[in-house]
1. Report in % the part of the accessible area of the chain that belongs to carbon and sulfur, leaving out ligands and nucleic acids; probe 1.4 Å.
2. Which order do I245, I179, I98 take by accessible area at a 1.4 Å probe, largest first?
3. Could you calculate the FRET efficiency of R105 with H74 from 1/(1 + (r/R0)^6), where r is the beta carbon distance between them and R0 is 22 Å, rounded to 0.05?
4. When the chain is treated as a GNM, springs tying every alpha-carbon pair under 10 Å, which of A226, A33, A250 comes out with the largest mean-square fluctuation?
5. Summing +1 for each Lys or Arg and -1 for each Asp or Glu, what net charge is found among the other residues whose Cβ lies under 9 Å from the Cβ of L161?
6. Scanning the chain for GluC sites (Glu not before Pro) in DSSP loops with at most 13 other Cβ atoms within 10 Å, what's the longest stretch left with none?
7. How compact is region 1-136 by the rule of thumb for globular proteins, expressed as Cα Rg over 2.2 N^0.38 Å?
8. Residues of region 82-123 with the amide nitrogen closer than 16 Å to a label point 7 Å from the Cα of T146, along Cα-to-Cβ, please.
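The values are calculated or read from the model by the stated rules, or taken from the named source; none is laboratory data. Keep in mind that what you see is a predicted model, and the values were worked out from it rather than measured. Don't worry about glycine lacking a Cβ; one is built from the backbone with ideal geometry, like all the others, and counts go over all protein chains shown. All accessible areas refer to the heavy atoms of the entire protein, side chains included, with ligands and DNA or RNA removed. Shrake-Rupley method; radii C 1.70, N 1.55, O 1.52, S 1.80 Å.
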Amino acid sequence: MTTPQLSIMLRTYAAEDPGTWQPVLDTARAADAAGVDRVLVSDHVVFGEHMEAYGRPESGGVVGGKQPTGPDGHWLEPLTTLSVLCGTTSRVRLGTNILIAALRRPVVLAKSAATLDVLSRGRLDLGVGIGWQREEYDAAGLDFGTRGRQLDLTLEVCQTLWREPRAEVDRAGLTFEAIHMMPKPVQPGGVPIWVSGRLNDRVARRLARFGCGWIPWGEDAGDLVASIPRMRDAVAAAGGDGNAIQVAGALPTVRRDDRSIDLDATMERVLPFVDAGVTDFRAYVPVPSAYDEAVEYLRGIA
């Protein structure tokens with residue numbers, strides 16, 4: 001059984017200008033020192049004005065979901081942010097949860113990710129998904145209705161350029177041959193890809209073809225005990241190894257009256273999810289602003 005890991009989400013967004021983003025850097029440094037396995041950042045490039053779409057499953061949102069900022073919220077670009085964190089940390093893994101990968105030109109994303117993987121000495125993870133907001137695709141000149149196929153093409157190009165010394169791709173909308181890209185990522189096979197999404201045939205095929213991990217979404221994230229076995233069967237039916245897929249899940253924290261985390265009670269909640277197959281617990285926790293206090297706090301849950 002794989003030893004479960006702990007990831008923490010960094011708050012790289014704010015409803016209004018925070019004045020400084022130094023707390024993001026400080027929390028990442030504290031996580032690095034405390035033994036946290038991974039820090040994660042989220043992604044939005046631009047916003048339209050129909051924020052209610054986040055609560056619509058038919059467009060990729062989640063029932064009852066609410067976007068944490070309005071259209072003028074401040075969001076740091078994730079790969080740029082992780083590049084900065086790369087230089088201030090030494091061991092913690094650097095991940096996206098999630099990157100709307102198809103908004104980036106595939107060849108440029110492949111180069112950016114490979115560069116960051118090399119400079120971080122193999123610490124990058126790419127969590128990817130299709131997103132929920134039509135306006136982001138409109139602003140990038142892309143068709144929102146084909147975003148799943150665009151993501152698949154992006155992942156194919158990235159893995160081909162990461163793995164092949166002389167790369168070629170022949171797909172609708174993109175054809176090239178005899179293309180060379182160096183340096184390759186440090187990690188064998190390229191940067192690990194975690195696929196986000198509700199479990200359906202398209203996501204199962206994406207996991208089978210490209211993924212090392214699954215970031216469940218919507219109702220599947222809410223019932224991991226049931227959704228993980230279904231995922232493994234669906235990936236196997238799509239030609240992949242369902243048992244090899246790692247799974248992300250929210251850390252089921254139990255808090256005392258003073259809002260501190262009750263570790264014993266939390267661990268009682270964790271164990272059934274470990275048995276079900278969760279390999280990476282992702283925590284949304286407020287971290288003390290003082291560095292030494294933050295390290296001590298994170299060591300208590302790492």
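1. Using a 1.4 Å probe with all protein chains present, the chain comes out at 51 percent carbon and sulfur.
2. Accessible-area ranking of I245, I179, I98, largest first: I179, I98, I245.
3. 0.35
4. So, out of A226, A33, A250, the one fluctuating most is A226.
5. With Lys, Arg at +1 and Asp, Glu at -1, the neighbours total +2.
6. Excluding the exposed sites themselves, the longest stretch runs over 50-302.
7. Computed over Cα atoms of region 1-136, the ratio equals 1.09.
8. Counting backbone N atoms under 16 Å from the label point, the list is 102-106.
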